[in-house]
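Asks: Encoded as structure tokens, here's the structure I'll be asking about.
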Amino acid sequence: MPRVRTAQIPRSSPRPLLPLAVLLAVFVLSGAAGLVYEVVWARQLVLVFGNTSQAVSTILTGFFGGLAVGGWLGGRLADRVARPLRLYGALELAIVVVVLVTPASFGLIGEAYRGVYEQVADVSGALALVRFGLAILALAPATILMGATLPTLTRFLTRRGSFVGAFTVLYAANTIGAIAGTALAGFVLIELLGLHGALLVGAACSTTAGLTALGLDALLGRREARAGASNGSARSVVRAGRDVEAESRPMAATGSGVGPGVGPRVDRAAGRGWTLALVLAFTSGLTSLGYQVVWNRLIGAGTGSSTYVFTIILTLFLVGIALGAVLFGLLHRLTGAVRGLIAAAQIAAAALVLLGTATVLASPQSPFLGIDPRFLRALRLFAQNTAIIVLPTTVALGVTFPATSALLREELGHEGAASGALLAVNTVGAIVATFVLPFVVIPLVGSPATLAGLAVTNALIGAALALGGRSVPRPVRFAGGLAGAVVAGAVVVSVVAGTAFRDPTVAWVRAHGGTVYQATEDEIASVVAGDLGAPQLWVAGTSMTLITVDTKLMPLLPLMLRPRAEHGLVIAFGMGTAFRSSLVAGVTTDAVELVPSVPRMFHWFYPDAAQVLADPRGRVIVADGRNHVELTSRTYDFVVVDPPPPIESSGVSVISTQGFYEAAKGRLNPDGVMMQWVPYGQTLDEFLAHVRTFASVFPQVRVIAGPGGAGFYMLGSDGPVELDPAAMRSVLERPGVVADLDSAPDGRGRDVDQWVATIQGLVWAHGDALRQAVGPGALVTDDRPLPEYFLLRRLEQPHAAALSLPALRALLPPGATP
């Protein structure tokens, strides 16, 4: 492989025209803005397309696809302009304009999706294609511009300098910015300013980057003019990593070295380097994003899927990638053996995955609830364990992508096209990872085996690179190939022997003496049915529910308010308890469940599950609950919502916000009733925000504590919500209703009159007394998903009052009666 030519600084070299640190700071801001946009847009588009894996992957594909197209086109454009720094500044400012209009454009996308939803929902694959097309329309304008920034700035820094150095240092700077953007958005901005406010902060970063670049370009133009007048053709420019005296060099006779068809001619060595660079860029994107997808599942198992879990994993992932890029820059200065560096990095990544999985990824974490006084300690412990798994591997992975630039010959005039092509192909690999793994590989073999497969891929790539290094002595080549083969073999043996790469939930249940009935994994989550003292359902390692009277009452309470109700909707299937109880009470019922495998576990908890599912009055719909109420034309007499615990789980707020309640209200028939379950595990103030939000949509609200002691029912309607004893008895006396309630372990064998007395005695508040108790304050909205983002509140009020029925009753005005 030809060595990269670099120009050295003569001792008499004049001072550089632009400071490199300022340019890198500009690109750090650009990287920070990009991740803020990604986090916010993904959340906003989930509200449009739903919280399913298909929808999320569609959003990511739209985002990454725009980056790929932007990298490819932007690189070629950068090679054709005389002032790429000015082009870069213009791109950043254009991004700002697009970002500021995204609320309006996303609204139009939502209306378009709503308009075609029912027409194509039953056509196989049609809805996915519609989502994909609309996601591209929504994200392409901004992401194409964003994708063009790296090759444009790379072209500027390498006009007469080192392509490898420029590409590496810019990639590292952009990734450092992405780290800052991820951490700020996840830990601070969304809680403090909301999604829209976080978007404006990102826009401010892009504006600063763009204006600074334009200012630097103008300054450079004036200085170059003065330097040209005094020094003729000699000019000083900034070069990545060091200052370089300008040196006019003609295009090499062998061609551009950045790919077939790009330059005048391409020799065989250049063509081989180009092909290998593209292959490695693709596999780098594939395996890196693949690890992120799988780690999110395995490391996050049992934590309750807190948004802080994913923020920590992504932040550490990006830290490792940035450190790997910096490490490559340092090692590349010491050696020109690029293939050897990549081979060693790939083998090391596989070995580190095996080591981390065997030593740390053995069982799921405990859920860290914000209300727990040990929350911050649990968060730190999780970050430490995650760092052990993620950081070493991603440092090794981070070497590969910037190293691909060194496989191309150092030529002038096509640096933008080269960097753009590498970025585009790398991003295509990331797109494949976000689609193929969750929809094909993981449902087929599971996350642990998928993780092992990625590690084997890295090990074998490393072995092949080591063996193919013809300029390396044969013993060294053989040793590298052997090392890769040994690591790959060790991974396979550990999978077969069960010593590593295990389902953490299954391992945890068995380690605690429990029985696993069935374990599976689909495109959304791992699902385990088992027994740990009582039948339980674990989704993503977190226990979702038990068979409890609280759940059996969920459809019965709206019926007690409206005994003539005929059609009901249950959002969140769980063990199937509320769906079954609604059918027992004689109501035609739809049940919506997000995780496809959950309804398949129904038979483990109820022996009559097959008969229940065969009941023509019942229908189970695998979809996002919010998407269903927003897009279906069906109407219901009551809507029951049972969000999965804990209340702070990422995405749960989607079915707990003011916008969701308004959408659900739109699906209710006149005088219909909505029931929203709110579990314990939050502060008193946070619970009041939930009730306040619910009451902002429904004029009549009644809140009742669950007899099982797990949480509260919020009942809302445009009509009265009075618990009339006669109406309550008419529901309880229906065939099978009381027997169904008594079948719960905490049913306590009550008769009809006892149930009436129990429910009436658990009412907290309604009417004016309720509104006075909750008072004014924050609402849970789509823009401010308060339950998911609470870190700053915990730091500010570490001993905030916990939710309890006595504490709620103390808030009622004197003389108020339930």
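The values are calculated or read from the model by the stated rules, or taken from the named source; none is laboratory data. Everything numeric here is computed off the predicted structure, so don't read it as measured data. Neighbour counts run over all protein chains shown; Cβ positions are idealised from the backbone, glycine included. In case anyone asks, the SASA skips ligands and DNA or RNA and just uses the protein heavy atoms, side chains included. Shrake-Rupley method; radii C 1.70, N 1.55, O 1.52, S 1.80 Å.
Asks: Would you check if there is a residue in the range 545-559 being farther than 20 Å from LEU762 by Cβ and open to solvent by 30 Å² or more (accessible area, probe 1.4 Å)? Lay out the reasoning, then the answer.
Replies: In the first step, residues of the range 545-559 are kept if they are farther than 20 Å from LEU762 by Cβ; the result is none.
The answer is no, given that none of the residues of the range 545-559 is farther than 20 Å from LEU762 by Cβ and open to solvent by 30 Å² or more (accessible area, probe 1.4 Å).
Asks: Another question, then. Output the qualifying pairs, or none if there are none: Cβ atoms under 8 angstrom, residues six or more apart or on different chains, first residue in the range 718-740 and closer than 18 Å to THR577 by Cβ, second residue surrounded by fewer than 17 Cβ atoms within 10 Å (Cβ to Cβ) and small (Gly, Ala, Ser).
Replies: Sorted first by the residue in the range 718-740, then by its partner, the pairs are ARG734/GLY586.
Asks: Looking only at the range 338-363, which residues are open to solvent by less than 50 Å² (accessible area, probe 1.4 Å), over 25 Å from GLY498 (Cβ atoms) and in contact with a Gly (Cβ under 9 Å, 6 or more places away or on another chain)?
Replies: Listed by number, the residues that qualify are GLY340, ILE342, ALA343, ALA345, GLN346.
Asks: Still on this structure, I have one more. Run down VAL721, VAL780, VAL756, VAL731 and say which single residue is at pLDDT 95 or above, in a loop (DSSP other than H, G, I, E, B) and farther than 30 Å from VAL188 by Cα.
Replies: Within the list VAL721, VAL780, VAL756, VAL731, the selection yields VAL721.
Asks: Right, something else. Taking into account only those residues within the range 461-481 that are of a type in the set (Lys, Arg) and assigned to a helix (DSSP H, G or I), which is most open to solvent (accessible area, probe 1.4 Å)?
Replies: ARG474
Asks: May I pose another question? Would you say ARG580 is surrounded by fewer than 24 Cβ atoms within 10 Å (Cβ to Cβ), touching a strand residue (DSSP E or B) at 6+ places or on another chain (Cβ under 9 Å) and not hydrophobic (A, V, I, L, M, F, W, C)? Spell out the reasoning first.
Replies: Working: surrounded by fewer than 24 Cβ atoms within 10 Å (Cβ to Cβ): no; touching a strand residue (DSSP E or B) at 6+ places or on another chain (Cβ under 9 Å): yes; not hydrophobic (A, V, I, L, M, F, W, C): yes.
No; evaluated as a whole, the condition is false for this residue.
Asks: For ALA525, state whether it is at pLDDT 95 or above, buried (at least 21 other Cβ atoms within 10 Å of the Cβ) and not basic (Lys, Arg). Can you show your working first?
Replies: Numbers: at pLDDT 95 or above: no; buried (at least 21 other Cβ atoms within 10 Å of the Cβ): yes; not basic (Lys, Arg): yes.
Against the criterion (at pLDDT 95 or above, buried (at least 21 other Cβ atoms within 10 Å of the Cβ) and not basic (Lys, Arg)), ALA525 does not qualify.
Asks: Within the range 483-496, does at least one residue satisfy the condition of being assigned to a strand (DSSP E or B) and either of a type in the set (Asp, Glu) or surrounded by fewer than 24 Cβ atoms within 10 Å (Cβ to Cβ) (or both)?
Replies: Looking through the range 483-496, none of the residues is assigned to a strand (DSSP E or B) and either of a type in the set (Asp, Glu) or surrounded by fewer than 24 Cβ atoms within 10 Å (Cβ to Cβ) (or both).
Asks: Identify, by number, the condition in (1) free of Cβ contacts under 8 Å to residues at least 24 places away in the same chain; (2) in contact with a helix residue (DSSP H, G or I) (Cβ under 7 Å, 6 or more places away or on another chain); (3) over 23 Å from ARG339 (Cβ atoms) that ARG510 doesn't meet.
Replies: So the condition that ARG510 fails would be (2).
Asks: Can you tell me which residue among PRO438, PRO448, PRO402 is in contact with a Ser or Thr (Cβ under 9 Å, 6 or more places away or on another chain) and within 30 Å of ARG80 (Cα to Cα)? Please lay out each step first, then the result.
Replies: On the way: PRO438 fails: within 30 Å of ARG80 (Cα to Cα); PRO448 fails: within 30 Å of ARG80 (Cα to Cα).
Answer to the check: PRO402.
Asks: If you don't mind, another one. Please work out if ALA810 is open to solvent by 60 Å² or more (accessible area, probe 1.4 Å), free of Cβ contacts under 8 Å to residues at least 12 places away in the same chain and closer than 21 Å to MET554 by Cβ.
Replies: Judged against the criteria, ALA810 is not a match.
Asks: Regarding LEU200, is this residue in a helix (DSSP H, G or I), within 29 Å of GLU788 (Cα to Cα) and open to solvent by less than 20 Å² (accessible area, probe 1.4 Å)?
Replies: Criteria not met by LEU200.
Asks: Return the residue satisfying two criteria in turn: it lies in the range 76-104 and is touching a residue at least 24 places away in the same chain (Cβ under 8 Å) and open to solvent by 40 Å² or more (accessible area, probe 1.4 Å), and of such residues it is farthest from PHE63 (Cα to Cα).
Replies: ARG83
Asks: Now a separate question. Which condition number in (1) out of contact with any strand residue (DSSP E or B) (no Cβ under 7 Å at 6 or more places or on another chain); (2) farther than 21 Å from VAL319 by Cβ; (3) aliphatic (A, V, I, L, M) is the one that LEU23 fails?
Replies: (1)
For every residue, the table says whether it meets (1) in contact with an Asp or Glu (Cβ under 7 Å, 6 or more places away or on another chain); (2) in contact (Cβ under 8 Å) with a residue 12 or more places away in the chain; (3) closer than 29 Å to GLY716 by Cα.
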site	(1), (2), (3)
GLN518	no, yes, no
PRO555	no, yes, yes
VAL592	no, yes, yes
GLN611	no, no, no
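Asks: Okay, next question. Might you let me know whether the range 276-290 holds any residue that is surrounded by 24 or more Cβ atoms within 10 Å (Cβ to Cβ), polar (S, T, N, Q) and in contact with a strand residue (DSSP E or B) (Cβ under 9 Å, 6 or more places away or on another chain)?
Replies: Looking for residues that are surrounded by 24 or more Cβ atoms within 10 Å (Cβ to Cβ), polar (S, T, N, Q) and in contact with a strand residue (DSSP E or B) (Cβ under 9 Å, 6 or more places away or on another chain), one finds none in the range 276-290, hence no.
Asks: Can I ask one more? For the range 366-403: of the residues being outside any loop (DSSP other than H, G, I, E, B) and among the small types (Gly, Ala, Ser), which is surrounded by the most Cβ atoms within 10 Å (Cβ to Cβ)?
Replies: Checking each candidate, the answer is GLY398.
Asks: Return the total of residues in the range 744-758 being in contact (Cβ under 8 Å) with a residue 60 or more places away in the chain and open to solvent by less than 80 Å² (accessible area, probe 1.4 Å).
Replies: 3
Asks: Criterion first (assigned to a loop (DSSP other than H, G, I, E, B), aliphatic (A, V, I, L, M) and open to solvent by less than 60 Å² (accessible area, probe 1.4 Å)) does LEU715 satisfy it? Give the steps one after another, and end with the answer.
Replies: Details: assigned to a loop (DSSP other than H, G, I, E, B): no; aliphatic (A, V, I, L, M): yes; open to solvent by less than 60 Å² (accessible area, probe 1.4 Å): yes.
No; evaluated as a whole, the condition is false for this residue.
Asks: Would you check if ALA433 is part of a helix (DSSP H, G or I) and within 19 Å of the chain's Cα centre (by Cα)?
Replies: yes
Asks: Something else: Residues VAL595, VAL622: which one is closer than 21 Å to ALA519 by Cα, open to solvent by 40 Å² or more (accessible area, probe 1.4 Å) and under 33 Å from the mean Cα position of the chain (by Cα)?
Replies: Residue meeting the stated conditions: VAL622.
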